[in-house]
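None of the figures in this text is laboratory data; all of them are computed from the coordinates on show. Predicted model only: the values in this text are computed from it and were never measured. Note that we place each Cβ from the backbone using ideal geometry, even for glycine, and neighbour counts take in every protein chain shown.
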């Protein structure tokens, strides 16, 4: 389990930096500049260790019936595009390697003697990183105050690591709120009531960001929880809170009570048009990873499917769509939404959380580039998918996936 965590933290190590830090003036002149440059290589180190493990152990590829197979295929097309079509092949290959790193680390985790424990370790590593980032920006959020967030506010990260925009901050806050809510509603210990005050700062942060994608994610995650849990009298208290957050933050503050403003794409449509023009010039295989930043003056596509298309063309985009469709198809076929409450203990908790997080990220994919490139969303999504896949083919109370479905989860 510790080896899985080590690899996952290496993958996380490349966040909030890039290979450009190695060539910066501060790389050899300051400790922080050197750290930023070295950190940019951590995901590639994780990928290298995973490749050594594959050469040594020669494990069977475990994803023949698992949605993660399509993410591997999407990444493979991206590697080809990055090598042969990118205008900056070295940069594109670097980001392709970063994209592969969490997929390979997930494979390593699923091959552990107890894949449940290994995937759980990845999930808790994510929670720790999300909590660290969210807590670090809370003081600044409190200084800004209630409902006073400027339109394009950037929150400053700790230790000079950079900044994240309000949508990014909303994603961190919502993930922590999901974890707190699930553990409060499913728990039985009286200590769970301590989760209510612990969640309030992050509820404040979520409301303050006015992030429509995070608020949409809150609605989707809430619906999924109700489906999985069934009726519960505590919804009478939790439900109105969720509705109030969405209404106040999304409609009153963000949109000033205007439906036109609520539905506004805030300039995304212009970026999408520019991206479509580039996709038309290389429709089948795209332009390689990081193509939007390389070819569109550092623009960000703000749509997972167009982002996948500009990276890997129509071929890669269809594989990316297949990944999401196959995941939710697996959820539907296995009936896991209706079987989830029959699981017990920590497995039930993680299954609820992972399903809700996957739902939130899927909804987010239409307006942000969720899992189409190396980023926080990808690192959050992959272990969630692995957890749901393990549970989908497991009978509640069993210790391992059903024999006929084992290749879908772990060998």
**OP:** Compute the convex hull volume of the Cα atoms of the range 308-399, divide it by the residue count, and report the result per residue in Å³ as a whole number.
**Re:** 94
Original post:
Taking the Cβ-Cβ separation of residue 154 and residue 200 as r and a Förster radius of 30 Å, what is the calculated FRET efficiency to the nearest 0.05?
Top reply: 0.80
Original post:
Once fully extended, how much extra length lies between residue 163 and residue 52, figured as 0.36 nm per residue of separation less the alpha-carbon to alpha-carbon distance?
Top reply: 36.5 nm
**OP:** Mind pulling up the Rg/Rh value for the range 71-122? Radius of gyration and Kirkwood radius, both on Cα.
**Re:** 1.16
**OP:** Run through every distinct alpha carbon pair of the range 1-66 and return the Kirkwood hydrodynamic radius in angstroms, one decimal place.
**Re:** 13.4
Subject >> Theoretical ellipticity at 222 nm over the chain - DSSP helices of four or more residues, -39500 (n - 2.57) apiece, nearest 500 >> reply: -21500 deg cm²/dmol
**OP:** Can you tell me the order of 188-194, 381-387, 341-347 when each peptide is scored by its average per-residue count of other Cβ atoms within 10 angstrom, highest first?
**Re:** 381-387, 341-347, 188-194
Subject >> Mean separation of Cα contacts under 8 Å (6+ apart) over length of the chain, as relative contact order % >> reply: 22
**OP:** Averaged over every viewing direction, what's the projected area of the C-alpha convex hull for the range 325-368? Give it in nm², one decimal, please.
**Re:** 3.2
Original post:
Taking springs between alpha-carbon atoms closer than 10 angstrom, which of 17, 362, 207 fluctuates most in the Gaussian network model of the chain?
Top reply: 17
Original post:
Picking from 183, 333, 364, which is most flexible by a Gaussian network model of the chain using Cα springs under 10 Å?
Top reply: 333
